[in-house]
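The values are calculated or read from the model by the stated rules, or taken from the named source; none is laboratory data. Keep in mind it's a predicted model, so treat the numbers as computed, not measured. Every residue, glycine as well, gets a Cβ built from its backbone with ideal geometry; the counts of neighbours run over all protein chains shown.
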Amino acid sequence: MNLEQINQRVQACDCGNPHHAITIERMVASDHVWDELAEFVQEKGWTSVLVVADANTERVGFLPLREALMKIGVDVSLVSLQADEQGDVLANERSVVQVLLAQEATVDALIALGAGTIHDVTRFCAAKTKVPFISVPTAPSVDGFTSKGAPLIVRGKKITYQLVSPIAVFVPNQVIRKAPDALIAAGVGDMLGKYTSLLDWRFGAFDGGEPFCAVAASLTEQALQSCVDTLPAIYERDADGLDQLMESLLLSGIAMLIFGHSHPASGGEHHLSHYWEMDFIANHRPAVLHGTKVAIATMELIDTYKTTMLDWPNTPDSLRTWAEQMPTREELEHIFRALQAPLRPEEIGVSSLLLASSRREAYRLRERHTLLKHMSLKRTQSEIGERSL
């Protein structure tokens, strides 16, 4: 991934929307990433860093990271986020406070050692304390590593804050390639959710006058296609396949960074996922991986999305073309069955009642003109009409 070339494409974009420059100074994926990370820290002149992890990511990456940094005389401290009563680490007020309490005034930078939750918490704390942070992904499970967005649970509601991107990204290939199957399937789920998110974005621009950027959309499409092309290798846990999945996730995050919002990579499928997550938390139920929820939500929506756009009168060519090449639910089920991932809402604890309420209400979580919103309002109007008869 050539960040300089992407920046040049952004600068040449004439969509008329504000663009955000890519401020990531270095992006490295390597078997020797710990030494390269230490070299970067040394170049920055930092002498004290705080590593944010959890019990699992501490186990797979903290010791080699600490060793590499201590060799160059850097003081390394660790805050390991505490799990809740269900055994889950959440990106919520509790985790944020835990990091802020551990962050001494002498800390020059934070290091997010983990996946989505740890990055969300670290990003928020880095922005609020005005120190940079380094991204060290430990699983190819989400696409938010390189973005500015930090989705947090605040007072039980999922709220995304647009904050800062990492100053650098260092991917430990040897850790990524050993990620659990469920996390790999979640990463594929987050990527294949781009089928519906990109349709929602185009629909929002056409029917709701929302801002749209062709460059950010094309980067997301590129990331999605690269993931799809490498699926056979991912099924086999081939090293090159997992490396490509990680790169696709990073590129998707870059698209969000450029646009400044999550539109390129988050539509109705994410709104359903967030709605389910909030319900799980409210009812003290164990968490489900973000990408797993997104995969199931995408399967729930994709056939309806596809049919709606193809049957809609006067559908613009851009929407029709995208809808025509979207896979069907059956095709997506084949992919996730090969990854031994859940296929249906009830498999992850989403009841028929919760599914129905999310279809009606989840669009309210974001100010977005999505097909999910369009269908929800149409369904509500139809129900009102039937009751008036």
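Numbers below:
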{"item": "In segment 22-55, the residues that are assigned to a helix (DSSP H, G or I) and either among the hydroxyl-bearing types (Ser, Thr, Tyr) or in contact (Cβ under 8 Å) with a residue 40 or more places away in the chain (or both)", "result": "Val33, Trp34, Glu36, Leu37, Phe40, Val41, Lys44"}
{"item": "Segment 362-378, subset in contact with a helix residue (DSSP H, G or I) (Cβ under 9 Å, 6 or more places away or on another chain) and assigned to a loop (DSSP other than H, G, I, E, B), residue surrounded by the most Cβ atoms within 10 Å (Cβ to Cβ)", "result": "Thr370"}
{"item": "Test set (1) out of contact with any strand residue (DSSP E or B) (no Cβ under 6 Å at 6 or more places or on another chain); (2) among the β-branched types (Val, Ile, Thr); (3) modelled with pLDDT of 95 or more - Val171 fails condition number", "result": "(1)"}
{"item": "Residue ID - farthest from the chain's Cα centre (by Cα), chosen from residues in segment 37-87 that are charged (D, E, K, R) and surrounded by 17 or more Cβ atoms within 10 Å (Cβ to Cβ)", "result": "Arg66"}
{"item": "Residues located in segment 138-191, provided they are assigned to a loop (DSSP other than H, G, I, E, B), in contact (Cβ under 8 Å) with a residue 60 or more places away in the chain and touching a Gly at 6+ places or on another chain (Cβ under 9 Å)", "result": "Thr138, Pro140, Ser141, Val142, Asp143, Gly144, Phe145, Thr146, Ser147, Lys148, Ser165, Ala179"}
{"item": "Residues within segment 251-261 that are farther than 16 Å from Gly189 by Cα and either touching a helix residue (DSSP H, G or I) at 6+ places or on another chain (Cβ under 7 Å) or not in a loop (DSSP other than H, G, I, E, B) (or both), tallied", "result": "6"}
{"item": "Residues of segment 102-126 satisfying the condition of being among the aliphatic types (A, V, I, L, M) and either surrounded by 18 or more Cβ atoms within 10 Å (Cβ to Cβ) or touching a strand residue (DSSP E or B) at 6+ places or on another chain (Cβ under 6 Å) (or both)", "result": "Ala102, Val107, Ala109, Leu110, Ile111, Ala112, Leu113, Ala115, Ile118, Val121, Ala126"}
{"item": "Count of segment 223-250 residues which are in a helix (DSSP H, G or I) and within 19 Å of Thr298 (Cβ to Cβ)", "result": "13"}
{"item": "Members of segment 198-240 found to be surrounded by fewer than 21 Cβ atoms within 10 Å (Cβ to Cβ) and small (Gly, Ala, Ser), listed by number", "result": "Ala205, Gly208, Gly209, Ala214, Ser218, Ser226, Ala233, Ala239"}
{"item": "Count of segment 78-101 residues which are free of Cβ contacts under 8 Å to residues at least 60 places away in the same chain, assigned to a loop (DSSP other than H, G, I, E, B) and not charged (D, E, K, R)", "result": "4"}
{"item": "Test: residue in segment 6-14 that is surrounded by 15 or more Cβ atoms within 10 Å (Cβ to Cβ) and without any contact (Cβ under 8 Å) to a residue 60 or more places away in the chain", "result": "yes"}
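Yes or no, residue by residue, for (1) farther than 20 Å from Ser266 by Cβ; (2) modelled with pLDDT of 95 or more; (3) among the β-branched types (Val, Ile, Thr):
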{"position": "Leu332", "(1), (2), (3)": "no, yes, no"}
{"position": "Arg344", "(1), (2), (3)": "yes, yes, no"}
{"position": "Ser351", "(1), (2), (3)": "yes, yes, no"}
{"position": "Leu355", "(1), (2), (3)": "no, yes, no"}
{"position": "Glu361", "(1), (2), (3)": "no, yes, no"}
{"position": "Lys378", "(1), (2), (3)": "yes, no, no"}
{"position": "Glu386", "(1), (2), (3)": "yes, no, no"}
